[in-house]
Each structure stands twice: as structure tokens, then as C-alpha cells.
């Protein structure tokens, strides 16, 4: 998930548009208040957050979250930041090519961060079993009976699968299962 936490409407919508063009497979959420961001951080675990540099102090809890790449929005490059932090700055006064290059760099950092966290998002063997049955169209009760577990356990595993994969629909889970060879098209 990518979050754009920028107060300025035009910058927020412009950045969202560029991100959608460059990164269709990830969920993008736009918010403008610190309250919305704090609530989002309690409910979700975004990996990339674009935030106004003038509101950075409001979002100090972002820096404690290791899974998040914080990207500050500046109108011009500043000499205050070291070479290490320059990867986390988006200078919005640049040319289109430069802005796209910076955003691609952020998306690459996001992907690298996601890879490092992959072990957190990998499904357990039991979750894979349950995903397989969900993709085959079975109900929670049918899955529970088939795997000799309670329906409550199936529901808990399904919640974990949804959280780990970020996929909330049965059709989305089915596509995921097919693409990751958990089921074959012939089984459906």
C-alpha cells in the first residue's frame, strides 16, 4: 500500500496520477489529515508514505515504523539532507523526467522493502491449504470439514491471508492462487 499524506490538493492528485501510471498493482490511498494517517497506521501497514515536509513533525510515528519509506515533498533540493536521505525526498520543482526518475527510485525502494518483509507476508502451509479451498469455491464450513478444523479457525486463517496478501475478494484470491500455482485452471 502506498499512502499520499499531502495537504495540497493539486500536489496530492498529481502525485496520485503519476503513481497510478507507474504502479498499477498496488493500492494507493490519499489522505489529508494527520488524524486519518494515524488511524490508517493503526489499521494497515503501508510501506511507502509521501508526506509534506512542513507537516513532518505531525507524523513522527511514521519514523518508528520500519516497514515505511517516508518520502518528504520539497519544492527545491536542500543541502540539509545527507546523501542517504536524498533517496527519500521528492523535489516537485523538477522536470517531468526527473520527477518520474525519483518516483521510480521510491517505488524500487518500496519493492525492496516489500521483499525484505516478504517473510512476514508469506503464507503458512495451512493458510495455503485454506487459500486453495477458497479459490475452489468452498464455504468456510466445507473447508473446516475437509481440513478437520473449526469454522472459527478457517475464518481466522482467512483474515490472516487477506492481511498478508492485501486481497479482500474471493475472485482476487482465486487469481492469486492461479498465478502462484496453488491451483490449476483445470481444477475449477
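The values are calculated or read from the model by the stated rules, or taken from the named source; none is laboratory data. Just so we're clear, the structure is a prediction, and the values are computed from it rather than from any experiment. Here the Cβ positions follow ideal geometry from the backbone for every residue, glycine too, while neighbour counts run over all protein chains shown.
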Worksheet item: Between residues in region 164-188 that are free of Cβ contacts under 8 Å to residues at least 12 places away in the same chain and residues that are surrounded by 13 or more Cβ atoms within 10 Å (Cβ to Cβ) and part of a helix (DSSP H, G or I), which pairs lie under 6 Å by C-beta distance while being six or more apart or on different chains?
Response: 167/173; 167/176; 168/162
Practice prompt. Identify the single condition in (1) touching a strand residue (DSSP E or B) at 6+ places or on another chain (Cβ under 6 Å); (2) at pLDDT below 80 that residue 19 does not satisfy, given that it satisfies every other one.
Written response: (2)
Worksheet item: When you look at residue 68, is it farther than 15 Å from residue 104 by Cα, surrounded by 15 or more Cβ atoms within 10 Å (Cβ to Cβ), at pLDDT 70 or above and touching a helix residue (DSSP H, G or I) at 6+ places or on another chain (Cβ under 9 Å), yes or no?
Response: no
Worksheet item: Looking at region 48-59, is at least one residue crowded, with 16+ Cβ neighbours inside 10 Å and at pLDDT below 60?
Response: yes
Worksheet item: Across region 27-47, which residue is nearest to residue 108 (Cα to Cα) among those that are at pLDDT 80 or above, crowded, with 16+ Cβ neighbours inside 10 Å and under 14 Å from the mean Cα position of the chain (by Cα)?
Response: 28
